[in-house]
1. Would you mind telling me which numbered condition in (1) more than 16 Å from ligand 1 (Cβ to nearest atom); (2) open to solvent by less than 20 Å² (accessible area, probe 1.4 Å); (3) under 15 Å from the mean Cα position of the chain (by Cα) A:Phe96 fails?
2. Residues that are within 16 Å of ligand 2 (Cβ to nearest atom): which strands (runs of 3 or more DSSP E) entirely in the stretch A:15-117 hold 3 or more of them?
3. Grab the helices (runs of 4 or more DSSP H) fully contained in the stretch B:111-188, keeping just those with 1 or more residues being under 24 Å from the mean Cα position of the chain (by Cα), more than 14 Å from chain A (Cβ to nearest Cβ) and basic (Lys, Arg).
4. Looking only at the stretch A:30-69, how many residues end up being open to solvent by 30 Å² or more (accessible area, probe 1.4 Å) and within 14 Å of chain B (Cβ to nearest Cβ)?
5. Of the conditions (1) closer than 30 Å to A:Thr245 by Cα; (2) more than 13 Å from ligand 1 (Cβ to nearest atom), A:Ile56 fails just one. Which one is it?
6. Tell me which residues, restricted to the stretch A:118-155, are charged (D, E, K, R) and assigned to a helix (DSSP H, G or I).
Amino acid sequence: MADSAVKPIIELKNVKKVYGKDVVGLKDVNLTINKGEFVVIVGLSGAGKSTLLRSINRLIDITEGDILVNGESITKAKGKKLRTLRRHIGMIFQSFNLVKRSSVLRNVLTGRVGYYPTWKSTFNLFTKEDKQRAYDALQQVDLEDKVYSRADELSGGQQQRVAIARVLTQNPDIILADEPTASLDPQTSRRVMKDLQMLNEKHGMTVVINLHSVQLAQEFGKRVIGVRAGEIIYDGKMSDTPASTFDQIYSGGDQDE
Amino acid sequence: MSSTEQEKLMTLPKKKLKILNWLWVLLFVAGLFISTNETKTDLGALFANFGEFADIFLQMLHPDWSYLVTVVPLLLETIKMAILGTAIGSVIAFIYSLLIARNIVKNKAVTGILRIIMNIIRTIPDLLLGAIFVAIVGIGPVAGVLALAICTFGIVVKLFYEAIETIDPGPIEALTAVGANKIQIIVFAVLPQVITYFISYCLYAFEINVRASTVLGYIGAGGIGLYLQQTLQIFDYPKTGTIIIVIIIVVVLIDYVSSKSREALMQ
Ligand SMILES: Nc1ncnc2c1ncn2[C@@H]1O[C@H](COP(=O)(O)OP(=O)(O)O)[C@@H](O)[C@H]1O
Ligand SMILES: [Mg+2]
């Protein structure tokens, strides 16, 4: 992968985020992520990992700077343009964010909603291909037998895999995952990480994951970014990163308010 | 430390006698006396005329069953008014609730102004609304339906927007991230979480409307209430009795079915 043409897919330029008057989320972050990378972001809780990730698809509006996705500024995008850019960015959440009262199939199909005009999606007029696409995605995460179950009947690990199937159905270029394993047991966590690895290796999606488990980061990450107090304090290949670096990233005490 | 302080730890401390609470009680009692005086309420009259009351009651207990032929169609009209009023009011409340829920509409000025309008509407009593609409559209069931629609709106909008504001925000975030627009977010992330509540609130409003609609005729807003008033005026108490008994049966029946359905919905 390293020898393929290097093409930036996410670029953060002097990005600054201040919450309210003076709570610093990010201070002057510059970062380039290339197509096909598998990046893990590590840091203490409160370091700014979620802020960094969520500004990439603009779930958070940044205070200063610019963010380019596929060379286009998402910071300046509005309305339809913003929604189209978001369509190319999938997201996996710590709390899965499924619609619990809806079926697994309907949850997976929501990955396609951005491709539909309002009235068609409102009346559930998904095409046959998209329904098949959703079913294929469920097969890839081994949940095809749950297709008509209600989402809240599934275990945490299964719900997260439904979320992965949703992202697969969305078919984005980029996947952002904000501590996707934080509420799962170690075994389920590895399964979810493997599914994310599959998205990266088999489907060529660029994956950026916030993790607070150093072990999982070391096992799956190709590139590691260390964040502390809103700043990137380390950036390097995982294979070149000694264990002591993680100690440094996690030093400096708890930064939680 | 001192012994008194230790005692405090051992025994349950006495609730402090709040002087302010007693002041309130005093104020209310005084207010009650002043207002009975001011309005010249004569509680004595209630007891003095008790004999007459008993007499009317006895006459009503011998209902005129032949009057049923007239009463039943009227009652059906009344129920139709309630259904129509509930339907119209619920649809408006549905849209309005989405516009004043702060997790859907982020613009505080919009939600704020719409909420003030809602609160003003909610304060108008149903009979007054009926009277207003009778003045606007004339005597008849249309006035009643409009009054009931606004009542329904007032009941449903308040309960429903509060339900919307307590939903899990996770799915909204997920749909936003996927590139969905506002309406798609509502359809896919919001409604599945609240639609059963909405139906339940509409049924609840319907129960109230059935009761209210029986009285609206009193002021000329259609339905059975008009006959309630007429039979009373000509002292035809057996007929009044028939009307009241039929109303009670229907109200109890509808209440029962509706509250059972609401229970089933919430499971
Ligand atoms: N919505 C918010 N309002 C105010 N402060 C926030 C908000 N979100 C995050 N913060 C603050 O920004 C900093 C970074 O938070 P976050 O990005 O969530 O860190 P992490 O994901 O690494 O735990 C913390 O100090 C946090 O308290
Ligand atoms: Mg976080």
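1. In the conditions (1) more than 16 Å from ligand 1 (Cβ to nearest atom); (2) open to solvent by less than 20 Å² (accessible area, probe 1.4 Å); (3) under 15 Å from the mean Cα position of the chain (by Cα), A:Phe96 misses (2) alone.
2. Those strands (runs of 3 or more DSSP E) span A:23-34, A:38-42.
3. Passing ranges, in order: B:141-165.
4. Selection size over the stretch A:30-69: 5.
5. (2)
6. Residues satisfying the conditions are A:Lys120, A:Lys128, A:Glu129, A:Asp130, A:Lys131, A:Arg133, A:Asp136, A:Glu144, A:Asp145, A:Lys146, A:Asp152, A:Glu153.
Quick grid of which residues meet (1) within 19 Å of B:Leu265 (Cβ to Cβ); (2) open to solvent by 30 Å² or more (accessible area, probe 1.4 Å):
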{"position": "B:Cys151", "(1), (2)": "no, no"}
{"position": "B:Glu162", "(1), (2)": "yes, yes"}
{"position": "B:Gly170", "(1), (2)": "no, no"}
{"position": "B:Ile185", "(1), (2)": "no, no"}
{"position": "B:Ala205", "(1), (2)": "yes, no"}
{"position": "B:Ile208", "(1), (2)": "yes, yes"}
{"position": "B:Gln233", "(1), (2)": "no, yes"}
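Matching residues to (1) away from ligand 2 (no atom under 16 Å from the Cβ); (2) at pLDDT 90 or above; (3) out of contact with any Cys (no Cβ under 6 Å at 6 or more places or on another chain); (4) open to solvent by less than 70 Å² (accessible area, probe 1.4 Å):
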| residue | (1), (2), (3), (4) |
| --- | --- |
| A:Asp173 | yes, yes, yes, yes |
| A:Leu196 | yes, yes, yes, yes |
| A:Asn210 | no, yes, yes, yes |
| A:Gly226 | no, yes, yes, yes |
| A:Thr245 | yes, no, yes, yes |
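The values are calculated or read from the model by the stated rules, or taken from the named source; none is laboratory data. Everything quoted here is computed from the prediction, not taken from an experiment. Positions of Cβ are generated from backbone atoms using ideal geometry, with glycine treated the same way; all protein chains shown enter the neighbour counts. Keep in mind that these areas ignore ligands, DNA and RNA; they rest on the heavy atoms of the full protein, side chains included. Shrake-Rupley method; radii C 1.70, N 1.55, O 1.52, S 1.80 Å.
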